[in-house]
Structure formats: C-alpha cells, structure tokens
Amino acid sequence: MFPTPIEKASPSARRLYKIALPIALVLWLLPLIAVALTSIRSAGDITAGNYWGWPTSFNLLENYTAVFTNSPIGQYILNSFKVTIPTVIGAVALSCMTGFALGVYRFKANMLVFFMFVAGNFVPFQILMVPVRDLTLSMGIYNTTMGLALFHIAFQTGFCTLFMRNFIRALPHELIEAARVEGVSEIQIFWHVVMPLMKPAIAALSVLIFTFIWNDYFWATVLTQGADTQPVTAGLYSLNGQWVASWHLVSAGSIVAALPPVLMFFAMQKHFIAGLTLGAVK
Amino acid sequence: MRAYWKANQLKLAPWLFLLPGILMFLMYVIIPIFQSLNVSFYAWDGLGEKEFVGMSNYVELMDDEAFYTSLKNNLIWLVLYMLAIPAGLFVALFLNQTVRGIRIYKSLFFFPFVISQVVVGLVFAWFYDPNYGLLNILINALGFDSIAVLADERFVTYGIIVAGLWPQTAYCMILYLTGLNAVDPEQIEAARLDNAKGWRMLWYVILPQLKPATFIAIVVTVIGALRSFDLISIMTDGGPWGSSRVLAFYMYEQAFSEYGFRMGYGAAIAVVLFAIMMVYITGFLYKMYRDERGR
C-alpha cells in the first residue's frame, strides 16, 4: 500500500493523522456546512449580518416550510423527477441493446458505430443547442418535461453505450457461444443470457445518469421555461433572483435541491463509484 | 421470412439492436452538429427567413473583442482546471489509509461532486460576498481590505475556476483512490527493499501504475473545463462587463438572451468551440483505437 500505512508510523504521527482527518474534512466541506447552518437561521440573523456567529434561534422547520409554501420548489422537484426517471430508463434500455450489439458481434462497421457514440458524447453542448431547440419546437414538445427527457435519453446513450459495450466485452464469451450451439436465438441470448449478467452495470449506470441529469442546468434553460416545466436546477436560479438577500431561504432551497442525488449517492455508493471509475483501473 | 431470419440472424441481429439507439443519437446529436455548421453561414433570428451570409459571421468573430475575451478565459480555464488532477491525487494519497471510519471520510470528501453546479455556484457566490462572505471575513481579519471577487474583472474568472475546482478535485480524487487500490503491492515491497521512499517512490513506482487513472482524469477535466457554463451563468452571468465569459457562455448569450437572437453568429462561436474540442476527441479516439487493436 502507498503511502505507508499509518499503523506502521510512530504513535505521534498516528495521532496527528487522526486529528488532521476531521480538520481537513471540515475545511473541505466548509462552504456546505455554512449553507446548512444558514438554512436554519432566522431572517433577523440574516439582516443583522450574523452569518458566522451562533444563531439567535433555530428556524429549521420555519425555513424549510417557507421554501415549500412560498415558492414552487415542490413543482420544480416533481419536474426534475419527471425528466430524470424517464431518462434513466430510456438511456439504460437503449444502451443495453447498443452495448450488446457492439460488444458481442463482429461486423465491419462495429468500430465506426462505436466511435460515433464515443465522439458524440464529448461534443460541446453549444453545437447542438440551436438545432435541438428547433427540433424540439417543431415536434411540439418545447417546454415540456418529455421534450427535455427525450434529448437527455439520446445524448446519454453515447456515454451509456461506451459503458455497456466495455462491460459486455469483459463477460465470458463462451456463454454466448454455448447458447448459440444449443440453437438459442440471438434475441433470447440477449434477454436470457446477457441481461442477467448486466445487472451490476445497469445499477451503476442508473445512479450515475440519475445524478448527471438531476444536476443538468444548461439544457433545462434551453428547452424549458417557467415553473410548470423547469427542473429544480433552473428553478433554483430563478428563486435566487427572487429571494435577493434572503439567504436563509436560498440555502434551504439549495439543500432541498441537492438532497435527491445525495441520498442516491449514499444509498448506492458502491455502484456509483464503480460506474465513475470504469476504465480508471485496468 | 422465418427462414431468411434463421439464415441471416447473426448478420441482422446487431443492426436490430442498434437501430433505436442509433436513430435517437443521429437525430439529437450527429445531425445537429452538421446543422449548426450550416447555420453558422446564415444570419438568422430563429424565427424568420434565414439569410445566407457566407463567411461573414466568422469574419465578424475575428474583430469581436468579446470573442477574444471568451477565448482567453477558456484557455485560463483549461490550464487552471488541470490543478484538479494533482490536487485530487494529493487528497487521495492523504485518504488512502485503513483507519476506522475512513470510508465515511472518503465519501464525504467526494460530496461536492454529487451536488449540482448550481448549488456549488450559489455557495461560492456567497463565500465571496464582499460584505459578509467568509473569504472577506478572513481577509479582513488578516488586516486587508475586502475584495469583491466576482465584481472585479481581474479576479472574477479565477474566482469561478476555484469554485469549479472544488467538485473536479473530488472527481479526480475518487479516480485516484480506485487506482491506488489496484497498485501492485509486490512492486511497492520490492521498491521498499531498494530503499525507495516518499517522492521517489511516488514518481517512479506509483505514478506509472496510476497511468489509466491519470488518463481518465485528464479527459474528464479537459471536457469539464471546456463545458464550463453553469457556474458562470449562476455566479456572474458573464459579468462584470462580460469579463468572465467563456465561449460556451458567449454562444448562449448571442443565440438567445435579451441581447437578441443571433443564431447564426452563435453557431459560428459554437463551431470554434467544437473545433477546439475536436482536437481532444480525436486524440481520445486515437488512443482508444490503438488500445482496441492491441487487444
């Protein structure tokens, strides 16, 4: 192991490490801790400029209730789910199929199709912005959660295909060969042989895409407007404009907006990291 | 029909599986790239008739001060964003221990990456606030005057980059933590017997084994730097006086915002950004192609 395990170091170094660890963590998360603290302060504290001192009163319930009753944040969150969940399902379903096709079969255009997905996945959003907005408008789904979700499904298919294809490449090919010899059809091989083995990849990809899409801000501003359709990232931006100097509300809103992906991350941590670091070790 | 399918199953099946994915991807990603290229030769407000103007959008770019500011800021982003890589490695080395509770520490350090850039932007805008932001409280405590980081042309881009480095460092950290897990312990033992320690060990033994992690870290950091949009939009809206714009943001501003709907001009900016990105994409594909061949 590198660096040298701390158990082998001197007792004083060990103690130092154990003290340094929480201090480093607090410093690292200081901006977030500040937000969390501010979200339970009273309006009085904010106007008095008491941002860093001890709160004069704890307004946890008041502030969070105020966020939900004085702003459409509930609707924003609902919109976020309406965009995120279909995207996760759609992109994962499409890429299971594309990944299977590119991972299992040898055919001439295989590499070309694969590279198309990989290259497309890295493209700057701005080169897509004008035509995608036009396309969405002409399909009559501009300013709908479905219009936004459809684009996300298509775009995420690039990354998901890369992921799935590499995962399937690493599966034992003998299984598929054996099934073929038995006369199992290709569709059945996909469904009954390969799909069950893809569960960890599906889990990893789902958490990852959930977080990416939940946190998307750019496309939300391009393809939706107004509280009826905008997801919470774009919503937070407009709330920030309305709540000038009401930092206790902005903070509470930020925390509410950040919560779903954070919970998702903690619940599915192993899958999340497995997905993120695919290819980082080989 | 059935017989045909039976006979040609192996040839047809991959295309059947690819069809929905390819269609969606073509429609929303590949074709729009070419449409944007095309639009960049027109003057268009997004609603009325398109008017063909040839290269004039690009000619105009050549003389556009704001374009150069954005390009320069993009370069600053690219260079400084790279700091996330050594910073991530440093944090990963610090956390690569097996003391009690270290797993929770690792996930909490990773935290900034999970939350939205909108939230990161709000948090940092507040951190920099000249009146009550923590930064200025610290600066004042040291006896200096307050700095309005986000309202000062000299500092604004750097201020936003620091905000961006926070989640990006967390990302690189997790890549390196996973990489460190896979480092061959026998090689380390062998190197220890040869008296390799500290920096020399890191440089000659560990880093070469972390190459895959470093490669991915570079890829995601470059892409992240060139995609910077959210933080700028949230923290400064390109200001003060457009001094914190990058190409991605300037394009958006030109194509649709209160400054008018100049789709053609915006598309031309996007094409420039795309060309820069293409250099990296080509490099990435080339490496991938070599790896695939080697297999």
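The table for this structure:
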item: Those residues of the stretch B:220-268 which are among the aromatic types (Phe, Trp, Tyr), more than 21 Å from A:Tyr237 (Cα to Cα) and crowded, with 21+ Cβ neighbours inside 10 Å, in sequence order; result: B:Tyr265
item: Criterion violated by B:Pro212 - all others in (1) surrounded by fewer than 20 Cβ atoms within 10 Å (Cβ to Cβ); (2) closer than 30 Å to B:Met251 by Cβ satisfied; result: (2)
item: Matching residues, the stretch A:2-47, being more than 30 Å from B:Val205 (Cβ to Cβ), within 10 Å of chain B (Cβ to nearest Cβ) and either assigned to a loop (DSSP other than H, G, I, E, B) or more than 34 Å from the chain's Cα centre (by Cα) (or both); result: A:Leu29
item: Unique match (being within 30 Å of B:Arg262 (Cα to Cα) and within 11 Å of chain A (Cβ to nearest Cβ)) among B:Leu23, B:Leu18; result: B:Leu23
item: Of residues in the stretch A:87-128 being in a loop (DSSP other than H, G, I, E, B) and either surrounded by fewer than 19 Cβ atoms within 10 Å (Cβ to Cβ) or touching a His at 6+ places or on another chain (Cβ under 7 Å) (or both), the one nearest to the other protein chains (Cβ to nearest Cβ); result: A:Tyr105
item: Residue match in the stretch B:156-178 (condition: over 30 Å from B:Ile281 (Cα atoms), at the interface with chain A (Cβ under 10 Å from one of its Cβ atoms) and of a type outside the set (Asp, Glu)); result: no
item: Top-ranked residue in the stretch B:52-78 [being outside any helix (DSSP H, G or I) and of a type in the set (Asp, Glu); ranked as farthest from A:Phe2 (Cα to Cα)]; result: B:Asp63
item: Residue check for A:Met97: in contact (Cβ under 8 Å) with a residue 60 or more places away in the chain and in contact with a Gly (Cβ under 7 Å, 6 or more places away or on another chain); result: yes
item: Residue that is surrounded by fewer than 21 Cβ atoms within 10 Å (Cβ to Cβ) and either of a type in the set (Val, Ile, Thr) or touching a residue at least 12 places away in the same chain (Cβ under 8 Å) (or both), where the choices are A:Gln230, A:Gln225; result: A:Gln225
item: Residue check, B:Ala182 buried (at least 22 other Cβ atoms within 10 Å of the Cβ) and in the same structural domain as B:Val222 (by TED's automatic domain parsing); result: no
item: Selected residue (only one of A:Val244, A:Val262, A:Val232 is more than 9 Å from chain B (Cβ to nearest Cβ) and either at pLDDT 90 or above or within 30 Å of A:Arg41 (Cβ to Cβ) (or both)); result: A:Val244
item: A:Ala220 small (Gly, Ala, Ser), crowded, with 23+ Cβ neighbours inside 10 Å and either more than 8 Å from chain B (Cβ to nearest Cβ) or closer than 30 Å to A:Ala101 by Cβ (or both); result: yes
item: Selection from the stretch B:207-234 of residues that are touching a helix residue (DSSP H, G or I) at 6+ places or on another chain (Cβ under 8 Å) and under 18 Å from B:Asn181 (Cα atoms); result: B:Leu207, B:Gln209, B:Leu210, B:Pro212, B:Ala213, B:Thr214, B:Phe215, B:Ile216, B:Ala217
item: Subset tally (residues that are touching a residue at least 12 places away in the same chain (Cβ under 8 Å) and facing chain B (nearest Cβ under 7 Å)) for the stretch A:129-166; result: 8
item: Tally, over the stretch B:94-103, of residues that are modelled with pLDDT of 90 or more and either touching a strand residue (DSSP E or B) at 6+ places or on another chain (Cβ under 7 Å) or part of a helix (DSSP H, G or I) (or both); result: 2
item: Residue list for the stretch B:131-164, filter: buried (at least 21 other Cβ atoms within 10 Å of the Cβ) and not β-branched (Val, Ile, Thr); result: B:Gly133, B:Leu150, B:Gly159, B:Ala163, B:Gly164
item: Wholly enclosed helices (runs of 4 or more DSSP H) of the stretch B:195-295 bearing at least 3 residues closer than 25 Å to A:Phe125 by Cβ and facing chain A (nearest Cβ under 9 Å); result: B:211-226, B:230-235, B:247-255, B:263-294
item: Residue within the stretch B:196-217 that is under 30 Å from A:Ser254 (Cβ atoms) and either touching a residue at least 40 places away in the same chain (Cβ under 8 Å) or over 20 Å from the mean Cα position of the chain (by Cα) (or both) present; result: yes
item: Residue within the stretch B:79-93 that is over 27 Å from A:Ala34 (Cα atoms), assigned to a helix (DSSP H, G or I) and without any contact (Cβ under 8 Å) to a residue 24 or more places away in the chain present; result: yes
item: Single unsatisfied condition, B:Val29 versus (1) surrounded by 16 or more Cβ atoms within 10 Å (Cβ to Cβ); (2) closer than 30 Å to B:Cys172 by Cβ; (3) more than 25 Å from the chain's Cα centre (by Cα); (4) without any contact (Cβ under 8 Å) to a residue 12 or more places away in the chain; result: (3)
item: Single residue of the stretch B:1-43 satisfying the filter (closer than 21 Å to A:Glu177 by Cβ and among the basic types (Lys, Arg)) that is modelled with the highest pLDDT; result: B:Lys11
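The values are calculated or read from the model by the stated rules, or taken from the named source; none is laboratory data. Remember, predicted model here, so these are calculated numbers, not experimental data. Neighbour counts run over all protein chains shown; Cβ positions are idealised from the backbone, glycine included.
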